[in-house]
Amino acid sequence: MLAPLLIGVSLFGLFGHKPPPGLERHRLDAWTYQVLRDRFTGRVSCSLSGRNVSYAKGAVTFHYPRNVDTSQAIYRIDDGPVLQEKDAEVELLRMHVPLPDQSASNPSGGQVMVPASQLLGARQVSIRARPRAGVRRFSVAGLSAALAAARADGCDPQRTFN
């Protein structure tokens with residue numbers, strides 16, 4: 001009676017999901033980067049993320065719930081001056097970084113994007129998502145080291161991260 005149940009459970013993967021072949025997962029400080037190598041095509045795709053933070057194509061995205069409008073966000077890197085997210089968008093567009101969908105009801109989609117070049121060597125980013133909102137702090141410590149480690153594993157910071 002128990003043997004058929006165990007066989008059924010193992011066939012349907014109820015003990016956990018097996019990672020896809022070619023996936024490597026690495027943890028460095030507060031960051032996790034994954035490298036997926038397609039053994040057939042040789043293509044490499046990568047991801048780099050921390051708690052409510054992700055990296056792609058030269059930008060670091062800070063994630064709020066999708067219903068939070070962050071279109072008027074301001075931020076501070078470590079103890080630096082207050083910066084406008086709108087000013088960062090100009091640099092991101094210059095870098096050809098795709099911005100969040102600009103829906104009429106919430107153009108930001110709960111995301112605040114900052115060029116990664118502004119954050120190299122930084123420890124934290126403090127963000128006020130909208131006027132009169134509280135400040136939320138995000139750790140970016142170790143971003144430079146995580147990008148360097150991912151690069152050493154074959155990830156191109158401008159092309160292979162998604």
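Derivation of every value follows stated rules applied to the coordinates shown; laboratory data play no part. Since this is a predicted model, take the numbers as computed values, not measurements. For neighbour counting, all protein chains shown are included, and Cβ atoms are generated from backbone atoms with ideal geometry for every residue, glycine included.
Report the relative contact order of the stretch 21-152, percent, no decimals, based on alpha-carbon pairs under 8 angstrom and at least 6 residues apart.
Answer for the stretch 21-152 is 26 percent.
If you stretched the chain out fully between residue 158 and residue 99, how much longer would it get, using 0.36 nm times the residue separation minus the C-alpha to C-alpha distance? Provide the component values of the computation, followed by the final result.
Details: separation 59, 0.36 × 59 = 21.24 nm, distance 1.51 nm.
Fully extending the segment from residue 158 to residue 99 adds 19.7 nm.
What ranking do 55-61, 42-48 get when scored by the average of other Cβ atoms within 10 Å per residue, highest first?
Result, highest mean first: 55-61, 42-48.
By the gyration tensor of its Cα atoms, with a ≥ b ≥ c the square roots of the eigenvalues, what is the shape of the stretch 21-152: rounded for a/c under 1.5, prolate for a/b over b/c, or oblate? Spell out each step's value before the answer.
Values: a/c = 2.05, a/b = 1.55, b/c = 1.32.
Prolate is the answer for the stretch 21-152, as a/c is 1.5 or above and a/b outweighs b/c.
Karplus couplings for the stretch 49-64 from phi (6.51 cos²θ - 1.76 cosθ + 1.60, θ = phi - 60°), rounded to Hz, Gly and Pro as x?
Karplus values, whole Hz, x for Gly and Pro: 8, x, 6, 6, 9, 9, 10, 7, 6, x, 10, 9, 10, 9, 9, 10.
Can you tell me the length gained on complete extension of the stretch residue 151 to residue 123, counting 0.36 nm per residue apart and subtracting the Cα distance?
8.0 nm
Go through the stretch 106-162 and name the trypsin sites (Lys or Arg not before Pro) that are in a DSSP coil and have 15 or fewer other Cβ atoms within 10 Å of their Cβ.
123, 132, 159
Expected output is a single nm value to one decimal: the length gained when fully extending between residue 144 and residue 79, i.e. 0.36 nm times separation in residues minus the C-alpha distance. What is it?
So the extension gain works out to 21.6 nm.
Using θ = phi - 60° and the Karplus form 6.51 cos²θ - 1.76 cosθ + 1.60, what ³J(HN,Hα) does each residue of the stretch 111-126 get, whole Hz, x for Gly and Pro?
10, 10, 10, 9, x, 4, 4, 6, 9, 5, x, 7, 9, 8, 10, 9
I need 75, 64 ordered by Cβ neighbour count within 10 Å, fewest first.
On the way: 75 23, 64 20.
In increasing order of surrounding Cβ atoms, one gets 64, 75.
In Å and from the alpha-carbon atoms only, list the Rg and Dmax of the stretch 117-162.
14.0, 43
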